[in-house]
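Here is the structure we will look at.
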Amino acid sequence: TSILVLNGPNLNLLGTRQPEVYGHTTLADVEAMCADWAASAGCAVTCEQSNHEGSLIDTIHAARGVHDGIVLNAGAYTHTSIALMDAIASVALPTIELHLSNVHAREEFRHRSFIAKIAVGLICGFGAKGYVLALDAMKAHLED
Ligand code: DQA
């Protein structure tokens with residue numbers, strides 16, 4: 001089993017970016033947590049991050065035939081990008097939408113998600129731990 005963890009715009013600044021909202025855990029810490037999870041779960045996990053919508057789409061296309069599922073924190077593109085939604089639908093890989101913050105408790109414009117329309121499910125509000133929760137959920141989903 002191979003899972004792609006894909007992080008979108010501004011998540012490279014995790015740890016220093018609005019820590020009151022997103023916490024103090026850095027992207028490197030998140031990637032280390034994912035590697036630890038992979039080792040104990042006996043799965044492969046690949047972590048990628050880009051600030052560019054087109055690069056995220058290229059990465060999703062390249063995941064076809066390589067990974068079995070995607071954990072996607074698309075950042076603000078979640079709320080705006082039909083192109084990312086279409087990319088996920090095009091490769092037909094099961095995808096879990098993830099957010100560190102509880103987007104539904106925040107501004108109205110964060111309540112809409114294009115990713116949710118094609119996602120298996122979504123996890124939000126658990127901070128960096130959400131990545132591990134999402135990996136557990138994806139593993140269970142793939143084993144189903
Ligand atoms: C986020 C929530 C988004 O609304 C925001 O634009 C982000 C981060 C989160 O992980 O909580 O960049 O996806």
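The numbers here are math on the coordinates, done by the rules we state, and not lab data. As the structure is a prediction and not an experimental result, all values here were calculated from the model. Reconstructed Cβ throughout: ideal geometry from the backbone, glycine too, with neighbour counts over all protein chains shown.
Quick notes on this structure:
- Between region 80-144 and region 1-71, the Cα center-to-center distance that results, in Å: 12 Å
- P(r) histogram, all alpha-carbon pairs of region 1-138 included - 10 Å bins from 0, percent: 13, 48, 35, 4
- Amide H to amide H, with H built 1.01 Å from N, residue 47 comes under 5 Å of 5, counting only residues 5 or more places away or on other chains.
- Around the Cα centre of region 94-135, unit charges on the Cβ atoms of Lys, Arg, Asp and Glu (plus for the first two, minus for the last two) sum to a dipole of about 20 debye.
- Comparing mean-square fluctuations of 95, 16, 78 from a GNM of the chain with C-alpha springs under 10 Å, the top value falls on 16.
- Pairwise FRET efficiency - residue 28 versus residue 89, Cβ, R0 = 35 Å, nearest 0.05: 0.65
- Helix-only CD estimate at 222 nm, as mean residue ellipticity for the chain, using -39500 (n - 2.57) per DSSP H run (n ≥ 4): -11500 deg cm²/dmol
- Taking 0.36 nm per residue of separation and subtracting the current Cα-Cα distance, fully stretching the chain between residue 76 and residue 61 would add 3.4 nm.
- Under a model in which nothing but the beta-carbon of Lys, Arg (+1) and Asp, Glu (-1) is charged, the chain shows a dipole of about 220 debye around its Cα centre.
- Gain on full stretching of the segment that runs from residue 144 to residue 44 - 0.36 nm per residue minus C-alpha separation: 34.2 nm
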